[in-house]
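Below: the structure, in structure tokens.
The values are calculated or read from the model by the stated rules, or taken from the named source; none is laboratory data. Keep in mind that what you see is a predicted model, and the values were worked out from it rather than measured. For neighbour counting, all protein chains shown are included, and Cβ atoms are generated from backbone atoms with ideal geometry for every residue, glycine included.
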Protein chains: 2
Amino acid sequence: MNRQQLIDQIRLKKTFLCVGLDTDINKIPTHLLNQPNPVLAFNKQIIDATHDLCIAYKINTAFYECRGIKGWQTMIDTLNYIPKNIFTIADAKRGDIGNTATMYAQAFFDKQASGMSFDAVTVAPYMGADSVKPFLAFANKWTILLALTSNESGKNFQLIKNEDGFLYQQVITQANQWATAEQLMYVVGATRGQAFEAIRKIAPHHFLLVPGVGEQGGSLADVCKYGLNADCGLIVNSSRGIIYAGADENFANAARNEALKIQQQMERELGRIFD
Amino acid sequence: MNRQQLIDQIRLKKTFLCVGLDTDINKIPTHLLNQPNPVLAFNKQIIDATHDLCIAYKINTAFYECRGIKGWQTMIDTLNYIPKNIFTIADAKRGDIGNTATMYAQAFFDKQASGMSFDAVTVAPYMGADSVKPFLAFANKWTILLALTSNESGKNFQLIKNEDGFLYQQVITQANQWATAEQLMYVVGATRGQAFEAIRKIAPHHFLLVPGVGEQGGSLADVCKYGLNADCGLIVNSSRGIIYAGADENFANAARNEALKIQQQMERELGRIFD
């Protein structure tokens, strides 16, 4: 999905919500444990209940890898179940040198090689340009680079500062030279409300993937106040707050209700920027 | 494997070589392509030919993930084939917030959950303490944190400097407070010869995992000159230089010869520090 198609979906569905499929078999309703694949059954019901309220799903690879082969197969099956007009993100936070980065890109972008073809993958910047550019070599795919993350200890290194600014700002400034906003997004945590203003000065056009709304305490209003641009420019993720909203047979309805609340707030915010 | 057991293996085998199983199906001898699982057949022969010359194998997860389910199964089968007295490293460079980091740790440390139990996993520091500590919560397992990597663009961010030193030095200084040298190692590229001197000032006792000897141009002599400590303190990796030394039916012998050359140089270096 390219940038214009993504913007079109946001306009059409009046939402910029991403639902995070961080599905932990220990947290899903117990009645699903009788299913042949409880996690897949859970994901399918969540997708059925929310796909008209979101424009993206984000699959957190850790939650699937931790279950080995079975988990990896569930990740593939979940990805294949997501409707084609929805943006898909492998939240994998990979990062390694050139030839290895190409292999990671194949894992998430090349269906023939790996069985999976996401629209986007999250990438860590620590190893620099040659760990990111191999992902950018894939046409019609997106790289979402970690900039300022939502977790408390994100500040340990991301807020190290010198005369060129904070580390996270230098990540954005350098990465802006590696690709355009047609192919590159940044991760900025919703818990970093005020930083969005500074980030929009150096990345006015880029889409930002924003985790941390909901369970992690970030404010959607603040994110919108400082982060929205003329094309929306935000994909705001909620995982636990939506998918674990209910714990019984009605969990999918409960998830829908939570997603709907966020979508309605997003529709109001979008009313400020779209006709 | 704990620190003393690792040192004992180094003393016994007179080597601190790690062989990197970065096995690319497009680079292995063509006669193996008739095998049911060419990559596994290749890895087994490499392990058979080199296991007395090295103390560790490093499996680069990207090379397996890029082949989907089949690749993941090959990673499991390869790990299970490695003799028990050899240190095993999942070179996965993972890094994510707390609950997700725990899942990644399970993927590589918890055989019951994932089918794999490596001794160590490589972890990226960008997201700070709470992305690293969940790995350290696993008893008798090692976290190997990226500090100063071997690739050219490692300098993009790792050499950002302020009054507290370079970013990579601040990573080491902070991480030293999260765990001891019994559980934590650092990745330092062999291409960074002189930096070993500075790193030994802030991490005198830690083992360092050193990629970049061989194909990437790092000098083993320089690494030893500045990096060896009284317990050895180094695990030096070579991947392509060993595993692709030959391209025909004798590839395993060719790999052995390359590993032997490195082992012999290491034996001389160890003579300087061990009785």
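Tell me, yes or no, whether region A:185-195 has at least one residue that is under 28 Å from residue A:5 (Cβ atoms), more than 14 Å from every other protein chain (Cβ to nearest Cβ), crowded, with 17+ Cβ neighbours inside 10 Å and free of Cβ contacts under 8 Å to residues at least 60 places away in the same chain.
no
Quickly run through region B:77-98 and pick out the residues that are free of Cβ contacts under 8 Å to residues at least 60 places away in the same chain and either assigned to a strand (DSSP E or B) or crowded, with 19+ Cβ neighbours inside 10 Å (or both).
Selection gives B:78, B:79, B:82, B:88, B:90, B:92, B:93, B:94, B:95, B:96, B:97.
Take the residues of region B:62-109 that are in contact with a Gly (Cβ under 8 Å, 6 or more places away or on another chain) and under 19 Å from residue B:242 (Cα atoms): which is nearest to the other protein chains (Cβ to nearest Cβ)?
B:63
Can you find even one residue in region B:35-47 that is more than 11 Å from every other protein chain (Cβ to nearest Cβ), assigned to a loop (DSSP other than H, G, I, E, B), in contact (Cβ under 8 Å) with a residue 40 or more places away in the chain and under 17 Å from residue B:255 (Cα atoms)?
Scanning region B:35-47, I find no residue that is more than 11 Å from every other protein chain (Cβ to nearest Cβ), assigned to a loop (DSSP other than H, G, I, E, B), in contact (Cβ under 8 Å) with a residue 40 or more places away in the chain and under 17 Å from residue B:255 (Cα atoms), so the answer is no.
Return the pairs, sorted by first residue and then second, in which the second residue is at pLDDT 95 or above and assigned to a helix (DSSP H, G or I), the first residue lies in region A:252-275 and is more than 16 Å from residue A:235 (Cα to Cα) and acidic (Asp, Glu), the beta carbons are less than 6 Å apart, and the residues are 6+ apart or on different chains.
A:258/A:242
Report yes if residue A:112 is without any contact (Cβ under 8 Å) to a residue 12 or more places away in the chain and at the interface with chain B (Cβ under 7 Å from one of its Cβ atoms), otherwise no.
Spelling it out, it is not the case that residue A:112 is without any contact (Cβ under 8 Å) to a residue 12 or more places away in the chain and at the interface with chain B (Cβ under 7 Å from one of its Cβ atoms).
Does any residue of region A:199-218 turn out to be under 25 Å from residue A:129 (Cα atoms) and small (Gly, Ala, Ser)?
yes
Within region B:157-172, is even one residue more than 21 Å from residue B:234 (Cβ to Cβ), surrounded by fewer than 21 Cβ atoms within 10 Å (Cβ to Cβ), modelled with pLDDT under 95 and not hydroxyl-bearing (Ser, Thr, Tyr)?
No, every residue in region B:157-172 fails to be more than 21 Å from residue B:234 (Cβ to Cβ), surrounded by fewer than 21 Cβ atoms within 10 Å (Cβ to Cβ), modelled with pLDDT under 95 and not hydroxyl-bearing (Ser, Thr, Tyr).
Which one of the conditions (1) modelled with pLDDT of 95 or more; (2) in contact with a Ser or Thr (Cβ under 6 Å, 6 or more places away or on another chain) does residue A:191 fail to meet, given that it meets all the rest?
Among (1) modelled with pLDDT of 95 or more; (2) in contact with a Ser or Thr (Cβ under 6 Å, 6 or more places away or on another chain), residue A:191 violates only (1).
Which of the following residues is among the polar types (S, T, N, Q) and in a loop (DSSP other than H, G, I, E, B): A:131, A:150?
Answer to the check: A:150.
Considering only residues that are of a type outside the set (Gly, Ala, Ser) and closer than 23 Å to residue B:55 by Cβ, look in region B:88-114 and name the one that is farthest from the chain's Cα centre (by Cα).
Only one residue tops the list, namely B:111.
Taking the criterion of being in a helix (DSSP H, G or I), within 14 Å of another protein chain (Cβ to nearest Cβ) and at pLDDT 95 or above, would at least one residue in region B:175-184 satisfy it?
The answer is yes; a qualifying residue exists.
Please find, among A:10, A:59, the residue that is more than 14 Å from chain B (Cβ to nearest Cβ) and surrounded by 18 or more Cβ atoms within 10 Å (Cβ to Cβ).
Just one listed residue meets the conditions, A:10.
Being over 16 Å from the mean Cα position of the chain (by Cα), more than 9 Å from chain B (Cβ to nearest Cβ) and not hydrophobic (A, V, I, L, M, F, W, C) is the filter here; which residues of region A:115-136 pass it?
A:134
Restricting attention to region A:130-150, which residues are under 14 Å from residue A:195 (Cβ atoms), crowded, with 24+ Cβ neighbours inside 10 Å and touching a Ser or Thr at 6+ places or on another chain (Cβ under 9 Å)?
Of everything in region A:130-150, those that are under 14 Å from residue A:195 (Cβ atoms), crowded, with 24+ Cβ neighbours inside 10 Å and touching a Ser or Thr at 6+ places or on another chain (Cβ under 9 Å) turn out to be A:146, A:149.
Among the residues of region A:15-36, how many are over 24 Å from residue A:121 (Cα atoms) and crowded, with 16+ Cβ neighbours inside 10 Å?
The number of residues fulfilling the criteria is 3.
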